[in-house]
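Visitor: Can you keep this structure in mind? I'll have questions shortly.
The values are calculated or read from the model by the stated rules, or taken from the named source; none is laboratory data. Just so it is clear, the model here is predicted, and its values are computed rather than measured. Methodologically, a virtual Cβ is constructed for each residue, glycine included, from the backbone with ideal geometry; neighbour enumeration extends over all protein chains shown. Note: areas computed on protein heavy atoms with side chains; ligands, DNA, RNA excluded. Shrake-Rupley method; radii C 1.70, N 1.55, O 1.52, S 1.80 Å.
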Amino acid sequence: MWYRSLLSFGLLLVFSLPLWSQGVLVSGRVYAASTPVQFARVTFVNLGDTTIQHVTITDQYGYYQLGIISSLEGNTMKQPLRFVVHQNYPNPFVGRTTIPYELAYESNVQVTIYDMIGREVWSTSCGTQPPGLHYVYWEGKDYGGNPVSKGVYFCRVMVNGRAFVRKLLLSGNSGSTFGITQFQQVPTFLKEQGYGGSTFQRTLYTVRIENTDRTIPYIIPQELQNIYISSDTTVNFFVEYYPTLLIWPDSMRQIIRGFGAANIVGWRPDMTSDEIEKAFGTEDGQIGLSILRLRISPNSNDWSYNVPTAKVACQKGVTLIASPWSPPASMKTNNNLVGGQLREDAYSSYANHLKSFVDYMASQGAPIYAVSVQNEPDIKVTYESCDWYAHQMIKFLKEHGKMLGTKVMAPESYQFRRQLSDSILFDASACGHLDIVCGHIYGGGLFSYPLAEEKGKEVWMTEHLTGSDNTTSPQAWSLAFPVAREIHDVMKARMSAYVWWYIVRYYGPISDGTNNSGLKGEVTKKGYVMSHYARFVRPGYRMVDCTTHPIFNTAIIGTAYIHPETKKLVIVVLNSSTTSSRCSIKLGTTVAATFIPYTTSEVKNCQKGNEFLSANGVLIYTLDPMSITTFVMK
């Protein structure tokens, strides 16, 4: 996108000055709070003659610079007769320098910076520019925005196939791009052309600061009256802003497989038909879960308990995954369903046990998408369980992973402990039989997994719950709203799936009727929170980058998703402030689009709002206090 390419550069703004009159140079920065405003339009309007207006755009660091001309009388300045690049100033410089050049006629300009051995450090196309004096700023950074080392550099300015080179001397980097700098001494060539002199008449201006289609953060347009300019000066402006979410539609990240929860029949009653509809339906008042997690009982006679709900869910397009809590006791070192380890001589039998479950479910019309080797192999508990060490899981995957008849998930550790999964990923053979790296986030483990991505593995979060210790108000908004932040964080960690624990439970997305959680079968506050992702971000969507500006804003955050084929956008925004907050969302395109907002707050349950149209690629919306809002493109 246009602003992706712009933000990657250390030099972004080209300034123009007509050279037909006497004037001064005005520079400064535009701030929103302490954040520089990028790509805002700054207009100086001469109040003596409002037809005289001087316009420029701030750069990525909020800087602007323009020439203010006094009048067309006296015409002491001459239009340039040739193409020339003047020496940068200051030179030597620390952190930032200005490179002026003159064009005799409309020209296409390309600026490139090289180091001493001729390597290209940075370049930008300035586009077609009119005759006159122009400027570029270089911040002493490379393409990646990294400060370059001090030394000699060369600036080549290409104009319609002709090149002019100037030597630049970088004596160091300032270490900060946010300090206010005073206006630099005007170069001799500008003084000779009438700028920087003492004869400029004191003039009164109105200054307008407005958004362009690139402005970040989105500002509240402001008009400042009675600004006097009489000599070269620095004028900084401070404006109000809306917290801004910046969407990058082309930066596709992980594929989204879905959002789900578990139905463990035998430990809990099976779901009713109404509960199934509410859990997996995608209409108003439904959650839209697209993943159902099942338990692989050590007793094959119990497998049929899974079928009724799993079959209906599968018919609705839901993905089925399954986890064993323990192998059959006869296969374990302690001959018990609690604790112990899988005997090495029983590895093949255990693989057949898992394969038999997969085959059975398929025969019942409920095919299993992926099967786990073991639920939470790294924690000792007093219920059905089995202990596994990394070398044991590696051996099992290497020798039997291909026998399970479906995709394989592992290690499904209690805290997504990397020690266990890293060992598998570093073993080429075991890694070759692993399809999904999965884990739980009880007390830790919620962060991205570059090694898994490097190995080409999807990362899934397959179990978590909160609020089970609250039996008086388990669905209070103070407990439900943090679930939205948790799902947000899981998505930001580039995980492809988010799976809650029990679907029907007092602390789950559907109430079981106990502990003041509501009527049995009723969608809870947590359920409505989950629906903001599950209902609208369907399997097959891809997450795209969504950044928050200013960066110190933590109250309003969001994630964005796009359908790779239809390009339909879904944006989920959280407002953790206790007051209503107006925000802007920049969509990365100026094409108009219609969006439908859905909001859940303490007093709303995924309530549909009025459709509204983006303007110049921007959505402006007022978020409810402590709310989650999903914007769905039509």
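Visitor: From the residues Ser496, Ala430, Ser468, which one has its Cα farthest along the dipole of the range 392-545 in the positive direction, the dipole being from +1 and -1 charges on Cβ of Lys/Arg and Asp/Glu about the Cα centre?
Guide: Ser496
Visitor: Beyond a 31 Å Cα-Cα separation, which of these cross-linked pairs lie in this structure: Lys332/Lys398; Lys395/Lys457; Lys355/Lys492; Lys332/Lys402; Lys316/Lys526; Lys402/Lys520?
Guide: Details: Lys332/Lys398 20 Å; Lys395/Lys457 19 Å; Lys355/Lys492 34 Å; Lys332/Lys402 22 Å; Lys316/Lys526 22 Å; Lys402/Lys520 42 Å.
Over 31 Å Cα-Cα: Lys355/Lys492; Lys402/Lys520.
Visitor: Once R0 is set to 45 Å, what does the formula 1/(1 + (r/R0)^6) return for the Cβ-Cβ distance between Leu519 and Asn334, expressed as a FRET efficiency to the nearest 0.05? Before the final figure, lay out each step's value.
Guide: On the way: r = 43 Å, r/R0 = 0.96.
Calculated transfer efficiency: 0.55.
Visitor: Additional query: Which part of the range 396-419 falls in the paramagnetic zone of Tyr389, meaning amide N under 14 Å from the point 7 Å along Cα-to-beta-carbon?
Guide: In the range 396-419, the label zone of Tyr389 (backbone N under 14 Å from the point 7 Å along Cα→Cβ) covers 396.
Visitor: Express in Å², to the nearest 10, the accessible area of His488 obtained by rolling a 1.4 Å probe over the protein heavy atoms while all chains stay in place.
Guide: Rounded to the nearest 10, the figure is 10 Å².
Visitor: So, counting K/R as plus one and D/E as minus one, what does the shell of residues with Cβ under 9 Å around Pro147 add up to?
Guide: -1
Visitor: Specify which residue in the list Gly439, Pro324, Thr35 is farthest towards the positive end of the charge dipole of the chain, using unit charges on the beta carbon of Lys, Arg (+1) and Asp, Glu (-1), about the Cα centre.
Guide: In the chain, that residue is Thr35.
Visitor: Calculate the FRET efficiency for Gln53 and Thr233 from the Cβ-Cβ distance with a Förster distance of 22 Å, rounded to the nearest 0.05.
Guide: Working: r = 18 Å, r/R0 = 0.83.
Once the sixth-power term is evaluated, E becomes 0.75.
Visitor: Also: Kindly report, to the nearest 10 Å², the accessible surface of Phe481 as traced by a 1.4 Å probe over protein heavy atoms only.
Guide: Approximately 20 Å² of Phe481 is accessible to the 1.4 Å probe.
Visitor: Set the Förster radius R0 to 51 Å, insert the Cβ-Cβ distance between Glu106 and Asp284 as r into 1/(1 + (r/R0)^6), and round the FRET efficiency to 0.05.
Guide: Working: r = 57 Å, r/R0 = 1.13.
So, using R0 = 51 Å, E works out to roughly 0.35.
Visitor: Going by accessible area, probe 1.4 Å, with all protein chains left in place, what is the ranking of Asp213, Asp545, largest first?
Guide: Result, largest first: Asp213, Asp545.
Visitor: Explain nothing, just the number: dipole magnitude of the range 446-575 about its Cα centre with +1 on each Lys and Arg Cβ and -1 on each Asp and Glu Cβ, in debye rounded to the nearest 20.
Guide: The dipole of the range 446-575 has a size of about 320 debye.
Visitor: Nothing charged except the Cβ atoms of Lys and Arg (+1) and of Asp and Glu (-1): what's the magnitude of the dipole of the chain about its Cα centre? Round to the nearest 20 debye. Can you show the working numbers first?
Guide: Details: 54 positive and 49 negative charges, 159 e Å.
Computed charge dipole of the chain: roughly 760 debye.
Visitor: Oh, and also: In degrees between 0 and 90, to the nearest 10, how far off the longest principal axis of the chain does helix 390-400 point, with axes built from Cα atoms?
Guide: Once rounded, one gets 70 degrees.
Visitor: If we count every other residue with Cβ under 11 angstrom of Leu342's Cβ, Lys/Arg +1 and Asp/Glu -1, where does the sum land? Don't skip to the answer; put the middle values down first.
Guide: Numbers: positive: Lys332, Arg343, Lys395; negative: Glu344, Asp345, Asp387.
With Lys, Arg at +1 and Asp, Glu at -1, the net is 0.
Visitor: Can you list the trypsin sites (Lys or Arg not before Pro) in the range 339-412 that are in a DSSP coil and have 10 or fewer other beta carbons within 10 angstrom?
Guide: Lys380
Visitor: From the protein chains alone at 1.4 Å, what is the descending order of accessible area for Glu344, Glu565, largest first?
Guide: Glu565, Glu344
Visitor: Something else now. Note the listed values (i) 48, 34, 23; (ii) 61, 28, 18; (iii) 107, 33, 18, then indicate which one is semi-axes √(5λ) of the Cα gyration tensor in Å calculated from this particular structure.
Guide: From the options (i) 48, 34, 23; (ii) 61, 28, 18; (iii) 107, 33, 18, the structure gives (ii).
Visitor: Could you name the lysines in cross-link range of Lys525, using Cα to Cα under 17 Å and dropping any fewer than eight places away on the same chain?
Guide: Once the sequence-local lysines are set aside, what remains near Lys525 is Lys278, Lys604, Lys608.
Visitor: Hey, another quick one. For the range 275-327, with only Lys/Arg (+1) and Asp/Glu (-1) charged at the beta-carbon, what is the dipole magnitude about the Cα centre, in debye rounded to 20?
Guide: With Lys and Arg at +1 and Asp and Glu at -1, about 200 debye.
Visitor: With every protein chain kept in the model, how would you rank Asp270, Asp59 by accessible area, 1.4 Å probe, largest at the top?
Guide: Sorted by accessible area, descending: Asp270, Asp59.
Visitor: Using +1 at the C-beta of Lys and Arg and -1 at the C-beta of Asp and Glu, which of Ile596, Thr578, Leu623 has the Cα lying farthest in the positive direction of the dipole of the range 570-634?
Guide: Of the listed residues, the answer is Ile596.
Visitor: Next up: At what distance in nm do the modelled label points of Asn226 and Lys634 sit from each other, each positioned 7 Å from its Cα along Cα→Cβ?
Guide: It is 4.8 nm.
Visitor: Follow-up. What accessible surface, in Å², does a 1.4 Å probe find on Glu283, ignoring ligands, DNA and RNA and rounding to the nearest 10?
Guide: 120
Visitor: Excluding Tyr369 itself, calculate the net charge of residues whose Cβ lies under 11 Å from the Cβ of Tyr369, where each Lys or Arg counts +1 and each Asp or Glu counts -1.
Guide: Local net charge: +2.
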